[in-house]
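See below for the structure under consideration.
The values are calculated or read from the model by the stated rules, or taken from the named source; none is laboratory data. The structure presented is a predicted model; accordingly, all values stated were derived computationally and were not measured. A quick note on method: Cβ atoms are made from the backbone with ideal geometry, for glycine too, and the neighbour counts reach across all protein chains shown.
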């Protein structure tokens, strides 16, 4: 099988592991710098080019598209889909997951547990927005933030109002969410492949940080999840249309609440915490599912 990986940094742990496992199974895999791809989208002459040559003969594509290049990365992935190359995660599904508001709306519509969430652009009714989600403390997020960047915990109503107004001055959209105090600065990440949770870990933030992101100094360990948590993770990935996902949940007093569904979960933390071969299971999923014309949306929507 010939596999393309859309990724900008071939030296990241996740990318090296996927290459290692693909080659171990006898596949040919090429890492393609997403931003250096260019395309001919003419009818009947669709073509993807890279370094002066056409990209042809690929059976599958693994999108590892950074959040900062989502627009262009999804355009490239859609072109692969139009040309009947099987995507590990489809462009439409990645687009849903990258839009924090849209993903929460889709999950809420299907009854997935979520923290009480408000969304706003104008800030003149900041106090009402804070009351709407249950009052301080609240978590305030930029829609475009990743890896804990653009996420603020406001302990009091006055500090929450100040942060909301500051973000408003920057003309950005914001999410305001209830703070799940009982989670104790920890969350659970479940790795979903297909219809199964294949690994789960508990992430704990640094001593002085409520965020549990490993990129921000958090730690990870294995955790036994409940049947409800397992079902919530699988359903969340399915609702967004993702074949592979990292589903981040908090344990609240009223059950698991989903914080985010990540379409390109990092593999280093979970593989080291659990000792499991997640990269190999991803390649195995591709082996079983990569067939022409199997893309559900074919780049539409």
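Quick look at the numbers
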quantity	calculated
Filter pass, residue 237 being over 26 Å from residue 29 (Cβ atoms), in a helix (DSSP H, G or I) and free of Cβ contacts under 8 Å to residues at least 60 places away in the same chain	no
Residue match in segment 122-145 (condition: in contact with a helix residue (DSSP H, G or I) (Cβ under 6 Å, 6 or more places away or on another chain) and under 30 Å from residue 18 (Cβ atoms))	yes
Among the residues listed as 63, 137, 87, the single one being in contact with a strand residue (DSSP E or B) (Cβ under 9 Å, 6 or more places away or on another chain) and more than 15 Å from residue 240 (Cβ to Cβ)	137
Flag for residue 84 being under 23 Å from residue 164 (Cα atoms) and surrounded by fewer than 21 Cβ atoms within 10 Å (Cβ to Cβ)	no
Residue check for residue 108: closer than 24 Å to residue 194 by Cα and either touching a strand residue (DSSP E or B) at 6+ places or on another chain (Cβ under 7 Å) or in contact (Cβ under 8 Å) with a residue 60 or more places away in the chain (or both)	no
Flag if residue 65 is within 26 Å of the chain's Cα centre (by Cα), in contact (Cβ under 8 Å) with a residue 12 or more places away in the chain, closer than 21 Å to residue 289 by Cβ and in a strand (DSSP E or B)	no
Residues of segment 44-60 that turn out to be out of contact with any strand residue (DSSP E or B) (no Cβ under 7 Å at 6 or more places or on another chain) and either at negative phi or touching a residue at least 60 places away in the same chain (Cβ under 8 Å) (or both), as a count	3
Residues located in segment 12-55, provided they are more than 21 Å from residue 246 (Cα to Cα), in a loop (DSSP other than H, G, I, E, B) and under 23 Å from the mean Cα position of the chain (by Cα)	33
Residues satisfying the stated conditions in segment 93-113, i.e. surrounded by 18 or more Cβ atoms within 10 Å (Cβ to Cβ) and within 14 Å of residue 177 (Cα to Cα)	100, 104, 113
Enumeration of residues in segment 249-261 that are surrounded by fewer than 21 Cβ atoms within 10 Å (Cβ to Cβ) and under 20 Å from residue 89 (Cα atoms)	260
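Okay, residues lined up against (1) under 26 Å from residue 127 (Cα atoms); (2) surrounded by fewer than 14 Cβ atoms within 10 Å (Cβ to Cβ):
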site: 159; (1), (2): yes, no
site: 163; (1), (2): yes, no
site: 168; (1), (2): yes, no
site: 174; (1), (2): yes, no
site: 182; (1), (2): yes, yes
site: 185; (1), (2): yes, no
site: 193; (1), (2): no, no
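Let's see how each residue does on (1) at pLDDT 95 or above; (2) closer than 21 Å to residue 265 by Cβ; (3) within 15 Å of the chain's Cα centre (by Cα):
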{"residue": "90", "(1), (2), (3)": "yes, yes, yes"}
{"residue": "102", "(1), (2), (3)": "no, yes, yes"}
{"residue": "121", "(1), (2), (3)": "no, no, no"}
{"residue": "129", "(1), (2), (3)": "no, no, no"}
{"residue": "134", "(1), (2), (3)": "no, no, no"}
{"residue": "141", "(1), (2), (3)": "no, yes, no"}
{"residue": "152", "(1), (2), (3)": "no, no, no"}
{"residue": "157", "(1), (2), (3)": "no, no, no"}
